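Written below as structure tokens is the structure these notes are about.
The values are calculated or read from the model by the stated rules, or taken from the named source; none is laboratory data. As the structure is a computational prediction, the values presented were derived from the model and not from experiment. FYI the Cβ positions are ideal-geometry reconstructions off the backbone, even for glycines, and counts take in every protein chain you see. Just the protein is used for accessible areas: all its heavy atoms, side chains included, with ligands, DNA and RNA removed. Shrake-Rupley method; radii C 1.70, N 1.55, O 1.52, S 1.80 Å.
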Amino acid sequence: MQLTPYIMFNGDCEEALNFYVKVFNGEIKNLMRFEGSPVESMAVSGEKQKIMHSHFAAGEILFMASDSGQGGPQSKP
């Protein structure tokens with residue numbers, strides 16, 4: 001069985017994903033923003049371009065990530 005972690009960032013998910021792409025020679029497989037999604041109206045002003053959901057892959061490394069929004073849980077690269 002393989003576990004796939006879900007990492008939540010406090011507004012800098014895209015920056016972290018780009019860092020992981022360089023460090024692990026990986027690929028962002030899927031990236032959805034709050035803008036254009038069914039929950040766009042719930043996003044705080046200025047956060048519509050933040051990441052609602054993403055998948056990252058680099059060899060055996062797989063994880064999902066998103067921006068949690070203001071005051072939510074966070075993780076730094």
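Within segment 51-61, if we keep just the residues that are among the hydrophobic types (A, V, I, L, M, F, W, C) and touching a helix residue (DSSP H, G or I) at 6+ places or on another chain (Cβ under 7 Å), the residue that is most open to solvent (accessible area, probe 1.4 Å) turns out to be Ile61. Residues of segment 52-77 being assigned to a loop (DSSP other than H, G, I, E, B) and either of a type in the set (A, V, I, L, M) or at pLDDT below 60 (or both), which ones? Within segment 52-77, Gln70, Gly71, Gly72, Pro73, Gln74, Ser75, Lys76, Pro77 meet the criteria. On the phi > 0 side of the Ramachandran plot and either at pLDDT 95 or above or more than 13 Å from the chain's Cα centre (by Cα) (or both) - does that describe any residue in segment 11-30? The answer is yes; a qualifying residue exists. If we keep just the residues of segment 1-50 that are in a loop (DSSP other than H, G, I, E, B) and aliphatic (A, V, I, L, M), which is most open to solvent (accessible area, probe 1.4 Å)? Among residues in segment 1-50 that are in a loop (DSSP other than H, G, I, E, B) and aliphatic (A, V, I, L, M), the one most open to solvent (accessible area, probe 1.4 Å) is Met1.
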